[in-house]
Protein chains: 4
Amino acid sequence: MWFVVDPHSSVPIYAQIKEKIKAMILNSKLKPGDSLPSIRTLAKDIGVNVNTVARAYRELELEGIIRAERGERYAVVGFEDKIYFETKERLIKELKSVLKRCQDLGISKEEVLRLLEEVYMHQNEGGDEYDNSKE
Amino acid sequence: MWFVVDPHSSVPIYAQIKEKIKAMILNSKLKPGDSLPSIRTLAKDIGVNVNTVARAYRELELEGIIRAERGERYAVVGFEDKIYFETKERLIKELKSVLKRCQDLGISKEEVLRLLEEVYMHQNEGGDEYDNSKE
Amino acid sequence: MWFVVDPHSSVPIYAQIKEKIKAMILNSKLKPGDSLPSIRTLAKDIGVNVNTVARAYRELELEGIIRAERGERYAVVGFEDKIYFETKERLIKELKSVLKRCQDLGISKEEVLRLLEEVYMHQNEGGDEYDNSKE
Amino acid sequence: MWFVVDPHSSVPIYAQIKEKIKAMILNSKLKPGDSLPSIRTLAKDIGVNVNTVARAYRELELEGIIRAERGERYAVVGFEDKIYFETKERLIKELKSVLKRCQDLGISKEEVLRLLEEVYMHQNEGGDEYDNSKE
DNA sequence: GTGGTCTAGACCACA
DNA sequence: GTGGTCTAGACCACA
């Protein structure tokens, strides 16, 4: 597949995988009915353990976003609005919290704005990296 | 003391405490030579475990920002530029990463901008809350 | 053929097929000497994978209940008492286990009784559905 | 703790643990606010791996039935009616399905009734065994 | 001490 | 081939 995961991030790998897949559904890079790479394939692809991918898929299934039949691949179901807004709300809280910490530490609004432009300039052409700002 | 900590945040409490104290030094709410509340006092004050405050103080001491004195006293040393920039750089990376995730999840630049204004409007009058967007 | 299988049940499909065929022998819907549908036919009929039917037939053959004949034909041999009692005992254990879990979860005896009546009222007229309580 | 798990059951161990804890809440053997044994303690107690208990607890937490704070024990929150009914409904479906299979296999209503009496006679005095009908 | 994440690897059920 | 479960054990963060 098609994305990168950051093992040093404080965001757990399984959570990064979940978020990436959700993002790809929003992007329409993954559409309802599409099948996902098998657990083992994805695990090898992004260089993590099978169990880690399995956990991500299992939780996405519990959230009703993907679904597996017996012995078959996982397929995208879709992204209920409710789940979507929950995910978004959680991320917005995180953003707000980080912004407050920036203000506290004396990072100026202009500096943040510059970063914002920088990130959003890349029209998600690649969009595949998770957090390429880390080593 | 003078600040609040969010036990549900994914940022560890000890790290929140460290950052808050650094911010207060930047703010000049704490100046070199000022003494800090004792570990036990602060712990009781903000409602966290003593070990948590102890860890924050220990690490701040290692960074040369505060100094242990006789009898459980800690005093502010100051905030060397080098340390300050490191701290700031780390936070900026975190911000960039969150911004990328926002873009991935389809949160518009305008929406982020709105949040940015909202946060920075409060001229840090209080500045005491860590993440008051949570219940 | 003549029965339905529930792909969402926790009972494996091949086991459902086996049990169904055994039941039909008991019912005398299938008699010794009768031939069974070919693996492919049955698979297409009930909409499952060929391997799944193959496994069911293979195991039924091992139990001496059916017999492979020339050219993909399978014929009913019969249902030896010994095998019959084993099958029955296994199911009774399963039932006991489920009943205990019902008790644990606070489902009353009356409620179970009501279900029992409901299920047994249908004199197996159809008998074709495996678990028609699912959507 | 206080219960037994059946490693040979087709019900996964983590699911058995979840169901047992739910049952104990219904029983009022566990009340809101009570703390649960630590993951490691329970794991040793019932002889399974730490990860298995961790998964059970994690899922119960996702369902809102128990909850852990940082570095603290898990505590019982309670059992929302919605979750309770879902759990019960799922079990009732399972029971219905097993009853149908019993009928199919020619187990008489009287026989089932006898089992029902037998199981429910034990007024859950012990109630601690998961499925002691298995070896 | 507590829980959380992750790995490597086994073994099973299913198609 | 596919996914599911489980284990043993490591390592980390937190109190």
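Since every read-out is calculated from the coordinates, none of them should be taken as a lab result. All figures in this text were calculated on a predicted structure; none of them were measured in a lab. Note: ideal-geometry Cβ built from the backbone for every residue, glycine included; neighbour counts use all protein chains shown.
Worth pointing out:
- Largest mean-square fluctuation among B:R67, B:R90, B:R40, in a Gaussian network model of chain B whose springs join Cα atoms under 10 Å apart, belongs to B:R90.
- Folded to 0 to 90 degrees: helix B:13-26 orientation relative to chain B principal axis, Cα: 80 degrees
- Against chain A, whose longest principal axis comes from its Cα atoms, helix A:81-104 is set at around 30 degrees.
- Chain D, closest residue to the rotation axis toward B, by beta-carbon, whole angstrom: D:N51, 4
- Evaluated at q = 0.10, 0.14, 0.15, 0.22 Å⁻¹, a Debye calculation over the C-alpha positions of chain B (equal weights, vacuum) places log10 I(q)/I(0) at -0.38, -0.72, -0.82, -1.49.
- C-alpha center-to-center spacing [the range A:12-90, the range D:45-97] in angstrom: 23 Å
- Using alpha-carbon coordinates, inclination of helix A:50-62 to the longest axis of chain A, degrees: 90 degrees
- Sorting B:106-116, C:52-62 by their mean Cβ neighbour count within 10 Å, with the most densely packed peptide first, gives C:52-62, B:106-116.
- Placing unit charges on each Cβ (+1 for Lys and Arg, -1 for Asp and Glu) gives chain B a dipole about its Cα centre, and among B:I46, B:S28, B:V76 the Cα reaching farthest toward its positive end belongs to B:V76.
- Hypothetical label at C:T41: residues of the range C:64-90 whose amide nitrogen lies under 20 Å (7 Å Cα-Cβ projection): C:65-78
- When Rg and the Kirkwood radius Rh are both evaluated on Cα atoms of the range A:20-77, their ratio Rg/Rh stands at 0.94.
- Placing a label point 7 Å from Cα along the Cα-to-Cβ direction at C:S9 gives distances to the equivalent points in the other copies of 2.0, 4.3, 5.3 nm, listed shortest first.
- D (Stokes-Einstein, µm²/s), Kirkwood Cα radius, the range C:80-125, 0.890 mPa s at 25 °C: 201 µm²/s
- Of the residues B:L30, B:L105, B:L95, the one that moves most in a GNM of chain B with alpha-carbon contacts below 10 Å is B:L105.
- Between copies, B:G71 shows label-point distances of 2.8, 7.8, 10.5 nm, shortest first, with the point placed 7 angstrom from Cα along Cα to C-beta.
- In the structure shown, the pairs A:K18/B:K88; C:K93/D:K96; A:K20/A:K96; A:K20/B:K109; C:K22/D:K96; A:K18/B:K18 are assessed against 23 Å; a Cα-Cα span above that value is assigned to A:K18/B:K88; A:K18/B:K18.
- Peptide A:106-118 shows a mean partner chain C-beta count of 4 within 10 Å per residue C-beta.
- GNM flexibility winner over chain A from A:D34, A:D81, A:D104 (Cα, springs under 10 Å): A:D104
- Interatomic Cα distance distribution for the protein assembly as shown, bins of 20 angstrom, percent: 17, 40, 29, 13, 2
- Nm distances between copies for A:K109, ranked from closest, using label points 7 Å along Cα→Cβ: 1.8, 7.4, 7.8
- For peptide C:89-95, the mean count of partner chain Cβ atoms within 10 Å of a residue's Cβ comes to 6.
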